[in-house]
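Data block below; observations after.
Each value in this text was obtained by applying a stated rule to the coordinates, not by laboratory testing. Quick caveat: nothing in here was measured; it's all calculated off a predicted structure. Heads up, the Cβs are rebuilt from the backbone with ideal geometry, glycines too, and the neighbour counts pull from every protein chain shown.
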Amino acid sequence: MKNESYPIRLRGSLADALAAAGTPACQGALYHLLKGSLDSKFREVAVGALAALEKPTPEIEDVLKQQTAASEKNVSSTALLTLGIMASKVSARTPNRAEDIGAFLDKAGRQAQSMESRLLHLEAIGNAGLSRALPQIEESLGDPDPLVRGTALHALRFIPEARADEILLKRLSSDPASVRAQSVSALRHRSPEIATQSLAIARGDSSLEVRMEALRSYGLRLRSDPSARNVVQEFSLRDPDSNVRQQASKLLEQLKK
């Protein structure tokens, strides 16, 4: 599809379909579409579609790395985040390849100067979930800006190290509410035991934001964890904030459907 006069929705749907199929031939077509397109909106959509690939080819990885240097911020940002997801996808089958992507992300992080680029880098290494990123994330946890600390905590959600659990649990009681809420959000991706431990703490937090995040976590467990229903019921009856009580009641109503 060399003619870029086709509507972006049509070309985007094609990119989604090729990524969903995921065959080497389909990935080859995606590669040529990305390499040949001058339309930044299409490239943003196509780069985002690559996140669906379960077995990305080295050629797709290469073109994705190239797109991280695109002059259009919407393209380069999406490419960096998708590259993190790609590292996670290939880590089990080809750990050396994941580490190579991790090294690429490390370099991008060292070059990050603005607040926006630093936050983007943290999100990308969080998507990757590689152990090598732990020192960088811990360093960011010392930043005076709570937005940076919160983003760093969320980046720990997939890091396969016990140290990540320790940090997240500790931060439930040692940071501003907005940062504590990020810990709660990240902890829902940890082991069931750690997640349960964290929610027992968060549900009694003085902050509405933190309790609401805890309620979201319990809501996600309603159908798989019978004990979660009792906790949500307690939220609906006893939480001091009417917004939390109302949201808990909605979750219980949805469970009946």
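What the table below lists for this structure:
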{"item": "Cross-link pairs beyond the 25 Å C-alpha cut-off, checked among Lys35/Lys107; Lys89/Lys170; Lys73/Lys107; Lys170/Lys250; Lys35/Lys73; Lys41/Lys65", "result": "Lys89/Lys170; Lys170/Lys250"}
{"item": "Gain in span if fully extended, Thr94 to His32, counting 0.36 nm per residue against the direct Cα distance", "result": "19.9 nm"}
{"item": "Spin-label pair Tyr6/Met115, simplified geometry with 7 Å Cα→Cβ offset, distance in nm", "result": "4.2"}
{"item": "The stretch 162-210 - convex hull of alpha carbons, volume per residue in Å³", "result": "59"}
{"item": "Two-site label geometry, Ala21 and Ser131: point separation in nm, points 7 Å out along Cα→Cβ", "result": "3.9"}
{"item": "Mean Cβ count within 10 Å, highest first, over the residues of peptides 149-157, 166-174", "result": "149-157, 166-174"}
{"item": "The chain, relative contact order [Cα under 8 Å, separation at least 6], %", "result": "9"}
{"item": "Rg/Rh (Cα only; Kirkwood hydrodynamic radius) as it applies to the chain", "result": "1.03"}
{"item": "Largest-first principal axis extents, alpha carbons of the stretch 1-114, Å", "result": "38, 34, 17"}
{"item": "Length added when fully stretched, Ala103-Ser173, from 0.36 nm per residue minus Cα-Cα", "result": "21.9 nm"}
{"item": "Residue with peak Gaussian network fluctuation, the chain [Cα springs, cutoff 10 Å], from Pro95, Pro135, Pro160", "result": "Pro135"}
{"item": "Residue-span extension gain [Ser249 to Glu138] - 0.36 nm each, minus C-alpha spacing", "result": "36.2 nm"}
